[in-house]
1. Using +1 at the Cβ of each Lys and Arg and -1 at the Cβ of each Asp and Glu in the range 233-346, identify which of 327, 250, 310 lies farthest towards the dipole's positive end.
2. Counting C-alpha atoms alone, how compact is the range 216-287: give Rg to one decimal and Dmax as a whole number, in angstrom.
3. Please sort 260-270, 152-162, 206-216 by packing, taking for each peptide the average over its residues of neighbouring beta carbons within 10 angstrom, highest first.
4. Kindly write out, for the range 350-364 in residue order, the coupling ³J(HN,Hα) from the Karplus curve 6.51 cos²θ - 1.76 cosθ + 1.60 (θ = phi - 60°), rounded to whole Hz, with x marking Gly and Pro.
5. Give me the percent of accessible area attributable to carbon and sulfur for the range 324-387, probe 1.4 angstrom.
6. If you place +1 on the Cβ of every Lys and Arg, -1 on the Cβ of every Asp and Glu, and leave all else neutral, what size is the dipole of the range 260-370 about its Cα centre, to the nearest 20 Debye?
7. Under 19 Å between alpha carbons, and skipping anything fewer than 8 positions from residue 69 in its own chain: which aspartates and glutamates qualify?
8. Can you give the accessible area of residue 377, probe radius 1.4 Å, in Å² rounded to 10?
Amino acid sequence: MRETRPTRPAWPAAGNRGPRRRVAAVATLAGALAGGLAAISVPAGAAAAAGRPAAPASGAAAASWRIVKTTHGRSLPGVTAVTATGTRDAWAFASTLARPVAWRLAGRTWAAVPFPGRTGDLVTAAASSAPGNVWAFTAQTSGAARALRWNGRRWAAAGRFGQAVGDAVALSPADVWVFGQPGAPRGGLGTWHYNGTTWRRAPAGGGLTGGSALSPSSVWAVGGKTAAHWNGRTWSRTSLARVLPGNTQFCRPTADRVLARSATDVWAVGAGHCEDERGPFYLLHFNGSRWRLVWRSARYGEPLQVVADGSGGLWIPAVAGFPGTYAMLHYTGGHLRKAALPLPASKLSVDAVAHVARSLVTFGGGESHPAGQGGTKQSGVILRYGG
């Protein structure tokens, strides 16, 4: 199907919503979670996230995606979440068939750090606001999920949930939001807030699956056919039913992830979740007064995340079909293109991205494997763009 750039919603062919993304390293566990994993990143601090992207540095055109760390092992590691607070301070979490492994970039070197993950844990999300405030969220096939926090010295448990976390926003040690996973059973986890001592569910945050913060009093979220905004006191919700196509027997279009760059510049990505396709892909934009559909493409399938690229554009990892063809999409200058990666799509999946605020650096995580052998012979990989 030819991709289009509609000014009004484009309507996909009929289809049925199939299971969400596959993480090859832990395929059997991911299937049991039903909602799929979402590898999460958030800007390095709310104040930085509120600004416009920095202007490109000299030589930016020569930047490319490259693999900076490969993790091997019989437990089939795959990096399922990344987060970064600086170009030399970042975290990547490798889920395995055993215990997950936390990798930290401190300066120029990636090193494993003791991490209180349990056997069978999947790291489904990560977020950070400062080097001493890093969060990771794990889940088991039973549905039990935990919040883990790095305080600058060590990791410790900081909460439990009945379902997996799909996305997270960390503004400070006493201001953290988490959201459920798209397509999760029983309506998903919902929206929860941590005030430094207690997690509380937000009654008006049901069904939200992706969040992005400009400040403690301006948090954006999306989920299903809803966009929502937190003003510091309450959540207000806006229907996207006139922007996204309607449901059919075989498709259930939703907005799943969001990136807020200012009060008049908010982006969301979603998919039709049609049977055996995962797509079509949808890119939406809010200009301060209304949402509109900017791009629709059946070529790229389901977006897993959306982050800034530091020069006014967007990085969007996506997967199409089953078992999954991965692509790194780059939206810039009003055009959506597939970016070059260090390995062909048959040998590499990128499941997570994290942009470093006020820079051109973005980190990624995923798996490399021989062509056609993901899930049986693979290694976890950490990628970097820029710097």
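1. Result: 310, furthest along the dipole toward the positive end.
2. Rg, Dmax (Cα atoms, Å): 13.0, 41.
3. By packing density, highest mean first, the sequence is 206-216, 260-270, 152-162.
4. Computed from phi, the couplings for the range 350-364 are 10, 9, 8, 9, 8, 8, 8, 4, 6, 8, 9, 9, 9, 9, x Hz.
5. Result for the range 324-387: 52 percent of the exposed heavy-atom area is carbon or sulfur.
6. Details: 10 positive and 8 negative charges, 83 e Å.
Taking the Cα centre of the range 260-370 as origin, the dipole is about 400 debye.
7. 89, 351, 367
8. Only protein atoms counted, so the area is about 120 Å².
The values are calculated or read from the model by the stated rules, or taken from the named source; none is laboratory data. Because the structure is a prediction, the values reported are computed rather than measured. Counting neighbours? That spans all protein chains shown, and the Cβs are built from the backbone with ideal geometry, glycine included. Note: areas computed on protein heavy atoms with side chains; ligands, DNA, RNA excluded. Shrake-Rupley method; radii C 1.70, N 1.55, O 1.52, S 1.80 Å.
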